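Undergrad: My questions will all concern the structure given below.
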Amino acid sequence: MPGIDENLAFYPLGIAVLTISDTRTLDTDTSGGLLVERLTAARHKLLDRALVKDDIPAIRAQVQCWLKKPEIEIILTTGGTGFSPRDNTPEAIKPLLRREMDGFSVAFHQKSLQTVGVASMQSRAFAGQADDAFIFCIPGSTGACRDAWEGLLELEFDSRHKPCSIAGALPRLRDVCA
């Protein structure tokens, strides 16, 4: 894989996956299921998985609960990033962020343009840092989760990826914040 130095030690991340949906259950959640399958196949640790209704207090409560757990380094959300009246993920999570990762949105849209075309413009996918964790908010379709993982998150979460990755930066960020 390009940019991976196989001679370096791999640092598995502690990850939680949150599906935001008014209609899905954990049994019918193919988007969250894909993220779980990909992150565990990449040897990261799935520390928790939940599903909440597309409701600002419910979304925020689950994320804040996870932010209190230092072993959760990454929170992946899927769903609620569109423009329907019930799409509330950005409104729920952005106030929790101390920094936004604008590059994720740009990279996601570039990748998404290749698979869904201009429909990508209807996504409000974003990422940022809250406390000592990083939160990535991805649209709710399985295809969007695949687009976000392949070539983006899979590399960003791999500590061996050069020139840098979140996994490689987390220890340094924690030392500064401590």
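Undergrad: If a residue has to be part of a loop (DSSP other than H, G, I, E, B) and buried (at least 17 other Cβ atoms within 10 Å of the Cβ) to count, how many in segment 54-81 make the cut?
TA: Residues in segment 54-81 being part of a loop (DSSP other than H, G, I, E, B) and buried (at least 17 other Cβ atoms within 10 Å of the Cβ): 6 in total.
Undergrad: Ok, one more. Hey, could you check segment 58-100 for residues that are of a type in the set (Ser, Thr, Tyr) and touching a helix residue (DSSP H, G or I) at 6+ places or on another chain (Cβ under 9 Å) and say which is nearest to GLN122 (Cα to Cα)?
TA: Start the filter on segment 58-100 by keeping residues that are of a type in the set (Ser, Thr, Tyr), which leaves 77-78, 81, 84, 89.
Applying the additional criterion that residues be touching a helix residue (DSSP H, G or I) at 6+ places or on another chain (Cβ under 9 Å) yields 77-78, 81, 89.
Details: THR77: 17, THR78: 15, THR81: 9, THR89: 14 Å.
Only one residue tops the list, namely THR81.
Undergrad: Being among the hydrophobic types (A, V, I, L, M, F, W, C) and within 18 Å of LEU35 (Cα to Cα) is the filter here, so list the residues in segment 60-84 that pass it.
TA: Across segment 60-84, the qualifying residues are VAL63, TRP66, ILE72, ILE74, ILE75, LEU76.
Undergrad: Okay, next question. Check whether at least one residue in segment 14-36 is open to solvent by 70 Å² or more (accessible area, probe 1.4 Å), among the aliphatic types (A, V, I, L, M) and part of a helix (DSSP H, G or I), and report yes or no.
TA: Taking every residue of segment 14-36 in turn, none turns out to be open to solvent by 70 Å² or more (accessible area, probe 1.4 Å), among the aliphatic types (A, V, I, L, M) and part of a helix (DSSP H, G or I).
Undergrad: Sticking with this one: Return the residues of segment 115-145 that are of a type outside the set (Gly, Ala, Ser), over 22 Å from TYR11 (Cα atoms) and touching a residue at least 24 places away in the same chain (Cβ under 8 Å); say none if nothing qualifies. Show your work before the answer.
TA: Initially, segment 115-145 is screened for residues of a type outside the set (Gly, Ala, Ser), giving 115-116, 118, 121-122, 124, 126, 129, 131-132, 134-139, 142, 145.
With over 22 Å from TYR11 (Cα atoms) added as a condition, the list becomes 115-116, 118, 121-122, 124, 126, 137-139, 142, 145.
Once the filter is applied, which keeps residues that are of a type outside the set (Gly, Ala, Ser), over 22 Å from TYR11 (Cα atoms) and touching a residue at least 24 places away in the same chain (Cβ under 8 Å), segment 115-145 yields THR115, VAL116, GLN122, ARG124, PHE126, CYS137, ILE138, PRO139, THR142, CYS145.
Undergrad: Being modelled with pLDDT of 95 or more, surrounded by 13 or more Cβ atoms within 10 Å (Cβ to Cβ) and within 30 Å of LYS162 (Cβ to Cβ) is true for just one of LEU51, LEU39. Which residue is that?
TA: LEU39
Undergrad: Just checking, how many residues over segment 37-50 are touching a residue at least 60 places away in the same chain (Cβ under 8 Å) and not in a helix (DSSP H, G or I)?
TA: Number of matching residues: 2.
Undergrad: Those residues that are open to solvent by less than 50 Å² (accessible area, probe 1.4 Å) and at negative phi, I need them from segment 1-13; list them, please.
TA: Matches in segment 1-13: ILE4, PHE10, PRO12, LEU13.
Undergrad: Is segment 32-41 home to any residue that is more than 16 Å from ILE135 (Cβ to Cβ) and in contact with a Cys (Cβ under 6 Å, 6 or more places away or on another chain)?
TA: Scanning segment 32-41 turns up at least one residue that is more than 16 Å from ILE135 (Cβ to Cβ) and in contact with a Cys (Cβ under 6 Å, 6 or more places away or on another chain).
The values are calculated or read from the model by the stated rules, or taken from the named source; none is laboratory data. This structure is a prediction, so every number in the text was calculated from the model and none was measured. FYI the Cβ positions are ideal-geometry reconstructions off the backbone, even for glycines, and counts take in every protein chain you see. The area values use the complete protein model at the heavy-atom level, side chains included, leaving out ligands, DNA and RNA. Shrake-Rupley method; radii C 1.70, N 1.55, O 1.52, S 1.80 Å.
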